[in-house]
Amino acid sequence: MTSFAVRLTALLCMFFDHAVLALLPPRAALRAPGALSFPLYCFLLVQGFTHTRSRRHYALRLLAVAAACEIPFDLLHYGVPFCAAEQNAAFSLLLCLFMLSARERLSGCGRAVRAAVPAACCILSMLLRLSFGWLGPALVFAFFLAKGRRRPSAFSALALPLFYSLFLALAGVDPAWVRASLAAPLSALPILLYNGRPGPRGRLVTFAFCAAVPLHLAALVCLRSLRLIPPWVF
């Protein structure tokens, strides 16, 4: 699979998850395919950090996506335009990008200092109530240490989400959602199939992928509010 194919897989899984949330009766099991999306985006973030021509522009794109998503994300998940209970996953990825930059700048420091960066980001992610909490920084750091090797990356995509599911269970999260989160380790399969090639690329492709995230959230919010699909269909 090319980077384009992995990104498309992550986008479709996310769209499916949000469509189920917006249009179907509340059944956590139906959202299981959406659990694959976040680990794949974490993997793609590391690839982007490694290969992008301008990390500054990369960070600005992530910031734009995060800001554009926040209101429709809150409307879709909580029914209000602003909610402090959770911040969308693009902010999680943005924090992870800063983590990788800080880790690189501190490459000449001791191991304790370098290890403190991802640990601090895991704690900060939970304090800021970013989506998926500590899982984002942990996954991104594990993928970064794998240095593009598929098997170690796939193992991280398998093991860390499983540990996160256990963490959710111990924290008293709804068991139905815990069971749905157990689908996340399946993200290891696209990572194993990743061939390191970019696939179709260019400014238009990048813009389309970035714009698709807030636009599909806004479209689903509108579709749900207009009640164009009556409940009896389901």
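Odds and ends about this structure:
- Residue match in segment 63-81 (condition: over 15 Å from the mean Cα position of the chain (by Cα), crowded, with 18+ Cβ neighbours inside 10 Å and over 16 Å from PRO214 (Cβ atoms)): no
- All conditions in (1) of a type outside the set (Val, Ile, Thr); (2) modelled with pLDDT under 95; (3) more than 20 Å from SER181 (Cβ to Cβ); (4) out of contact with any Ser or Thr (no Cβ under 7 Å at 6 or more places or on another chain) hold for GLN47, with the sole exception of (4).
- Pairing each residue of segment 191-217 that is assigned to a helix (DSSP H, G or I) with any residue that is surrounded by fewer than 14 Cβ atoms within 10 Å (Cβ to Cβ) and not small (Gly, Ala, Ser), provided the two are 6+ apart or on different chains, yields C-beta distances under 9 Å for LEU192/ARG151.
- If you go through segment 101-112 and keep only what is over 25 Å from the mean Cα position of the chain (by Cα) and either surrounded by 12 or more Cβ atoms within 10 Å (Cβ to Cβ) or assigned to a loop (DSSP other than H, G, I, E, B) (or both), you end up with LEU106, SER107, GLY108, CYS109, GLY110.
- Segment 91-105 residues that are at pLDDT 95 or above, paired with ones that are polar (S, T, N, Q) (beta carbon under 7 Å, 6 or more apart): SER92/SER125; SER92/SER131; LEU95/SER125
- Residues of segment 138-156 satisfying the condition of being in a loop (DSSP other than H, G, I, E, B) and either modelled with pLDDT of 90 or more or within 14 Å of VAL6 (Cβ to Cβ) (or both): GLY148
- Residues in segment 74-124 that are under 30 Å from ARG224 (Cα atoms) and not aliphatic (A, V, I, L, M): ASP74, HIS77, TYR78, GLY79, PRO81, PHE82, CYS83, GLU86, GLN87, ASN88, PHE91, SER92.
The values are calculated or read from the model by the stated rules, or taken from the named source; none is laboratory data. This structure is a prediction, so every number in the text was calculated from the model and none was measured. Please note: Cβ atoms are built from the backbone with ideal geometry, for glycine as well, and neighbour counts cover all protein chains shown.
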